[in-house]
Amino acid sequence: MSQQAELEVGGKVYQLPVVVGTENEHAIDISKLRDESGLITLDDGYSNTGSCSSAIAFIDGEKGVLRYRGIPIEELAEKSTFIETAYLLIYGHLPTSQELRRFSELLTQNEMLHEDMKFHFEGFPPNAHPMAILSSMINAASCFHPRLMEGYQPRNFELQSARLISKVRTIAAFSYRKSRGLPIVYPKPVYKYTANFLHMMFSEPYQDYDLKPEVVRALDLIFLLHADHEQNCSTSTVRMIASSRANLFACAAGGVCALWGPLHGGANQAVIEMLEQIHREGDDGSKFIADAKDKKSGKRLMGFGHRVYKNYDPRAKIIKEQCDRILHLLRSDDPLLAIAKKLEEAAMHDEYFIERKLYPNVDFYSGIIMRAIGIPIEMFTVIFAIGRMPGWIANYKEIMDEPNSRIYRPRQVYVGPREQHYVAITQRDT
Ligand code: CMC
């Protein structure tokens, strides 16, 4: 028999169904509460609100578990690739070799941008942030594919989603080249997804970039580890926009904007800026940690803490292991890695961080790998966006495939002035 919760307000009792997820998570379904009682629930920042039921990613924040479609992130990191994982997230199963071949072919066929889009890139000023260019250009790209405006069509969704995953990589690389005043490098169909991105970023018209397999693998892993993370700020944004039935590219452009903030995807850039500052000032990390604990300083230990994880972020664990390996392979001796390790060590033994269960998150070490590869700091959040694209698309598809999905429209508790009357401007100065 299904469980019920009881809520008593003002002597009246309301029965509320309890929904149980496949991992035995329990949630009280309050969707009919207002109709029956006139009451709404209030949860600033949604920290205790399930906004949807979803079958894409599972997180157990207490245990530090992350699974995509049931598969542990550690297994995917070891055995899969970003593109195979993207397929898994979007379509719900690991692809057969034929499905994977078809998906890869679609990505290759759609890697170019319409030539006229180059004029749009020219409109941005030098040094424009690549995240601004990325979101604008994803939205602009929708104008070149007018069938998107017909709304979600299951029969052409495969093409639209492959188009987006493929083109976002080209737009990202072009944004970087533009922001540095460098000539654009076109994609090469012989390269696989991540190699092609590195080629467009770092090749020159007169010389191809030397694609080291370990560098390609490291970046592919970063994409894979970022590919989904259930109802985070940007994914919730994508779902919010999708619920209005906006097109896939518009939803993704909104996701990029939400990701940009330093409390979300922008944290990877903020971590490196923090480590550079510590290095510059010759601090051993203790001054920064003291500041991060002092609310008045306005500083936080970037790359630490998470709304859901109250344990070590499993993605951070994988990236930390990779950091040593990649830096060794590239013969890089980045002093920031030593500072990051020292900071982590100090924070993990500090009562403030222990009490609040603040552990390193995915952003704490990812920037160090990206620096070692040669990715410029302003591109870090763009890399996150490329990686997160399959997760956004999977969430978009989930909404569109749900016959009963409704527009997202939260309520509020109004705390503004009660009814008052308009005062004519001539009477306001007296
Ligand atoms: N440094 C210092 N104190 C912190 C930190 C931090 N990084 N994170 C949280 N706290 C404190 C916070 O001040 C509060 O203390 P108190 O209880 O005394 O008021 C307590 O811990 C709880 O923090 P919160 O702000 O209520 O937690 P939240 O769930 O709203 O925020 C967070 C989560 C990730 C925004 C936050 O931990 C943070 O700002 N971290 C730094 C930015 C960062 O690394 N973001 C990347 C997140 S992971 C990738 C992603 O999802 O994009």
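See the values below:
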item: Listing of helices (runs of 4 or more DSSP H) fully contained in segment 208-263 that carry 2 or more residues being aromatic (Phe, Trp, Tyr) and out of contact with any Pro (no Cβ under 9 Å at 6 or more places or on another chain); result: 248-260
item: Residue identified as within 16 Å of the ligand (Cβ to nearest atom), over 26 Å from residue 318 (Cβ atoms), of a type in the set (S, T, N, Q) and surrounded by fewer than 21 Cβ atoms within 10 Å (Cβ to Cβ) among 277, 231; result: 277
item: Test: residue in segment 414-425 that is farther than 28 Å from residue 77 by Cα and either in a helix (DSSP H, G or I) or touching a Pro at 6+ places or on another chain (Cβ under 6 Å) (or both); result: yes
item: Looking only at segment 348-376, and only at residues there that are within 13 Å of the ligand (Cβ to nearest atom), surrounded by 20 or more Cβ atoms within 10 Å (Cβ to Cβ) and of a type outside the set (Phe, Trp, Tyr), the one that is farthest from the chain's Cα centre (by Cα); result: 358
item: Pick from segment 287-333, criterion modelled with pLDDT under 90 and more than 26 Å from the chain's Cα centre (by Cα), ranking: farthest from the ligand (Cβ to nearest atom); result: 331
item: All positions within segment 1-44 that are without any contact (Cβ under 8 Å) to a residue 12 or more places away in the chain and of a type in the set (Gly, Ala, Ser); result: 10, 11, 31, 38
item: Matching residues in segment 260-269 - criterion: being within 9 Å of the ligand (Cβ to nearest atom) and buried (at least 21 other Cβ atoms within 10 Å of the Cβ); result: 265, 267, 268
item: Within segment 334-347, tally of residues that are within 13 Å of the ligand (Cβ to nearest atom) and surrounded by fewer than 17 Cβ atoms within 10 Å (Cβ to Cβ); result: 1
item: Some residue of segment 147-164 being in contact (Cβ under 8 Å) with a residue 60 or more places away in the chain, in a helix (DSSP H, G or I) and either buried (at least 23 other Cβ atoms within 10 Å of the Cβ) or in contact with a strand residue (DSSP E or B) (Cβ under 7 Å, 6 or more places away or on another chain) (or both); result: yes
item: Filter pass, residue 399 being at pLDDT 95 or above, among the hydrophobic types (A, V, I, L, M, F, W, C) and in a loop (DSSP other than H, G, I, E, B); result: no
item: Residues located in segment 29-85, provided they are outside any helix (DSSP H, G or I), in contact with a strand residue (DSSP E or B) (Cβ under 8 Å, 6 or more places away or on another chain), within 16 Å of the ligand (Cβ to nearest atom) and β-branched (Val, Ile, Thr); result: 56, 59, 65
item: Residue that is nearest to residue 343 (Cα to Cα), among those in segment 264-288 that are touching a residue at least 40 places away in the same chain (Cβ under 8 Å) and part of a loop (DSSP other than H, G, I, E, B); result: 285
item: Pairs, first without any contact (Cβ under 8 Å) to a residue 24 or more places away in the chain and over 8 Å from residue 163 (Cα atoms) in segment 99-110, second β-branched (Val, Ile, Thr) and outside any helix (DSSP H, G or I), C-beta under 6 Å, six or more apart; result: none
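The values are calculated or read from the model by the stated rules, or taken from the named source; none is laboratory data. All figures in this text were calculated on a predicted structure; none of them were measured in a lab. Methodologically, a virtual Cβ is constructed for each residue, glycine included, from the backbone with ideal geometry; neighbour enumeration extends over all protein chains shown.
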